[in-house]
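The values are calculated or read from the model by the stated rules, or taken from the named source; none is laboratory data. Source: prediction; values computed, not measured. Cβ placement follows ideal geometry from the backbone for every residue including glycine, while neighbour counts extend to all protein chains displayed. These area figures cover heavy atoms from the full protein model, side chains too; ligands, DNA and RNA do not enter into them. Shrake-Rupley method; radii C 1.70, N 1.55, O 1.52, S 1.80 Å.
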Amino acid sequence: MDFSLDPAIDALRLKVRAFVDGHVIPLEADPGNYDAYGNIRLDLLAGLRQQVKALGLWAPQVPVARGGLGLSMVGRATFYEEANRSIFGPLCFNCAAPDDGNMTVLEKTLRTEAQKDHWLQPIIDGAVRSSFAMTEPSPGAGSDPGGMMLTRAERQGGHYVIHGRKWFISGADGASHFILVARTSDDPRNGLSAFLFHKDQPGWRIVRRVPTMGPDELGGTCELEFDGLEIPEENRLMEEGDGLRLTQIRLGPARLTHCMRWLGLSRRCLEIAEAYTAGRKAFGATLAERESVQIMLGEVAAEIAKGRLLTMHAAWKLDRGEKAQAEISLAKIHVADTLNRAADVGVQLLGARGYSRDTVLEWIYRYARCARLVDGASEVHKMVLARSLAKQGNDFWNWG
């Protein structure tokens, strides 16, 4: 087993780290650099993105022919972790959700280069943002979209007419290009189809930006209503009935890229806690000299190290062309818990300062809670593991 990084990937990782340390993290301390929802102001973001492009660090997940770096999943793991040591980092490099996953799935499923030029390239360039509309209000689609999807796409001649409702749709406020999953038949496995539409098309609206404990992804989490949106047949992704397959193509790697980014935030929590406890004295010694504090920091470091190995193993399997469903679920469960633990320990060790907005710890603490829900609740991923174990028996434990 060779755990060393390719020298070119390692050099790229260090360039990302240097940019984040020198240009992105310093912006976090000024409340004037945030928008009303806890994200970086768009005018500041535009300037940072120009610097990133000039340094050759733009769009790590996109093929080189389309202006990206063309990194493997293992390469992305190293890149994304460094990028998300800042809460603003992934946006600067154009590897933030939901655009990250949308770019990946559009690259894989759009049929022609002309379609890619129209729907994908503007997202790659950072000219527009995108959104993925699948989740619905109860009793509609959640963790079981194939069986519960209520939004319907009725075929009428050469186009589909959409009626239904979606909610908790990340990035919808301000997005221009949307991927929509809707029901085209009652087949439990092949009843969903996926479509593309533009924000300016009539027949749909944003009902509200759903208030959350936040902070939200850029563009919030929104509730959408579809009342006669017409989508031409050529803007269907893949074949009719392939919607569930498309979600699997998108969500598996997207879950893992969340883990990559969350490891970066977990490291940042540990960095802040280490710096504070090394300098803070109480009762004749620094906090860092206290055994109880050392145990807390050591436990978080151990969980981050485990999360890295799980994430890298899943990334390696994806790079080999495997689905890695169980490996992704393992990583998702563990890294989500690790981020929550790292943020909680950071707040605890900094005391009132950690609870205040004088550091980004409280931002990360609030954000971390969604990690155990987004892209499949932890309980769902545990069910996936249990089913894999029951199906594979001892083969579940094979090496490789």
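Annotation for Arg111 and Leu373: the two label points, set 7 Å from Cα along the Cα-Cβ direction, are 3.9 nm apart.
Could you work out the relative contact order of the chain, using alpha carbon pairs under 8 angstrom and six or more residues apart, expressed as a whole percent?
Numbers: 680 pairs, mean separation 57.0, N = 400.
So the answer I get is 14 percent.
Accessible surface for Tyr276 stands near 60 Å², nearest 10, in the context of the full protein assembly shown (1.4 Å probe). Placing unit charges on each Cβ (+1 for Lys and Arg, -1 for Asp and Glu) gives region 22-113 a dipole about its Cα centre, and among Leu45, Pro98, Gly32 the Cα reaching farthest toward its positive end belongs to Pro98. Build a GNM of the chain with springs between Cα atoms under 10 Å: which of Lys281, Lys15, Lys306 gets the top mean-square fluctuation? Answer for the Gaussian network model of the chain: Lys281. Amide H contacts under 5 Å for Trp167: Thr135, Glu136, Leu224, restricted to partners 5 or more places along the chain or on a different chain, H placed in the peptide plane at 1.01 Å from N.
Pairs to check: Lys166/Lys323; Lys108/Lys391; Lys166/Lys306; Lys108/Lys332; Lys53/Lys166; Lys281/Lys306. Give those whose C-alpha atoms are more than 25 Å from each other in this structure. Before the final figure, lay out each step's value.
Values: Lys166/Lys323 28 Å; Lys108/Lys391 30 Å; Lys166/Lys306 36 Å; Lys108/Lys332 23 Å; Lys53/Lys166 35 Å; Lys281/Lys306 31 Å.
Over 25 Å Cα-Cα: Lys166/Lys323; Lys108/Lys391; Lys166/Lys306; Lys53/Lys166; Lys281/Lys306.
If you take the charge dipole of region 268-400 about its Cα centre, with +1 on Lys and Arg Cβ and -1 on Asp and Glu Cβ, which of Cys370, Met296, Leu270 is farthest toward its positive end? Towards the positive end, the residue furthest out is Cys370. Average the reciprocal distances over every distinct pair of alpha-carbons in the chain, invert the result, and give the Kirkwood radius in Å. One decimal place: 22.0 Å for the Kirkwood radius.
Extension gain, Glu234-Lys199: 0.36 nm per intervening residue step, less the Cα-Cα distance, totals 10.9 nm.
Label-to-label distance for Ala36 and Met148 is 3.1 nm, based on points extended 7 Å past Cα in the beta-carbon direction. Using just its DSSP H runs of length 4 or more, each adding -39500 (n - 2.57), the chain gives a mean residue ellipticity at 222 nm of -14500 deg cm²/dmol after division by all residues. Remark: region 271-400 carries a charge dipole of roughly 260 debye about the Cα centre, counting +1 on each Lys and Arg Cβ and -1 on each Asp and Glu Cβ. The heavy atoms of Ile206 present about 60 square angstrom of accessible area, all protein chains included, probe 1.4 Å. Residues Thr277, Thr135, sorted by accessible area with the largest first, give Thr135, Thr277 [1.4 Å probe; ligands and nucleic acids excluded]. Across the options Gly171, Ser86, Ile123, the greatest Cα extent toward the positive end of the charge dipole of the chain (unit charges at beta carbon of Lys, Arg, Asp, Glu) belongs to Ser86.
Pairs of alpha-carbon atoms within less than 8 angstrom and 6+ residues apart define the contacts here; what relative contact order does region 94-140 have, in percent? Before the final figure, lay out each step's value.
Values: 24 pairs, mean separation 20.8, N = 47.
44 percent.
In region 128-216, Cα pairs under 8 Å separated by at least six residues give a relative contact order of 30 percent. Assuming charge only on the beta carbon of Lys and Arg (+1) and of Asp and Glu (-1), the dipole of the chain about its Cα centre is about 460 debye to the nearest 20.
Largest GNM mean-square fluctuation across Phe168, Phe197, Phe283, computed for the chain with C-alpha springs under 10 Å, falls on Phe283. Once the GluC sites (Glu not before Pro) in DSSP loops with at most 15 neighbouring Cβ atoms within 10 Å are cut out of the chain, the longest remaining piece is 1-238.
Derived scalar couplings between HN and Hα for region 273-278 equal 5, 4, 4, 5, 5, 5 Hz in order, rounded to whole Hz, by the Karplus curve 6.51 cos²θ - 1.76 cosθ + 1.60 (θ = phi - 60°), x for Gly and Pro.
How large is the translational diffusion coefficient of region 13-77 in µm² per second when you combine the Kirkwood radius over alpha carbon pairs with Stokes-Einstein at 4 °C and 1.567 mPa s? The estimated diffusion coefficient comes to 99 µm²/s.
At 10 °C and 1.306 mPa s, grab the translational diffusion coefficient of region 334-389 from Stokes-Einstein with a Kirkwood Rh over Cα pairs, rounded to a whole number in µm² per second. Spell out each step's value before the answer.
Working: Rh = 12.3 Å.
For the chosen part, D equals 130 µm²/s.
How much solvent-accessible surface does Tyr34 expose, in Å² to the nearest 10, with a 1.4 Å probe and all protein chains in place? It works out to around 50 Å². GNM remark for the chain: springs join alpha carbons under 10 Å apart, and the peak mean-square fluctuation among His381, His118, His334 falls on His118. Projecting label points 7 angstrom from Cα along Cα→Cβ for Gln156 and Asp21 puts them 6.0 nm apart. Extension gain for the segment Asp10 to Gln348, taken as residue separation times 0.36 nm less the Cα-Cα distance, is 118.4 nm to one decimal.
For a modelled paramagnetic label at Gln51, 7 Å from Cα along Cα-to-Cβ, no residue of region 263-277 is in reach, as no backbone nitrogen comes under 18 Å.
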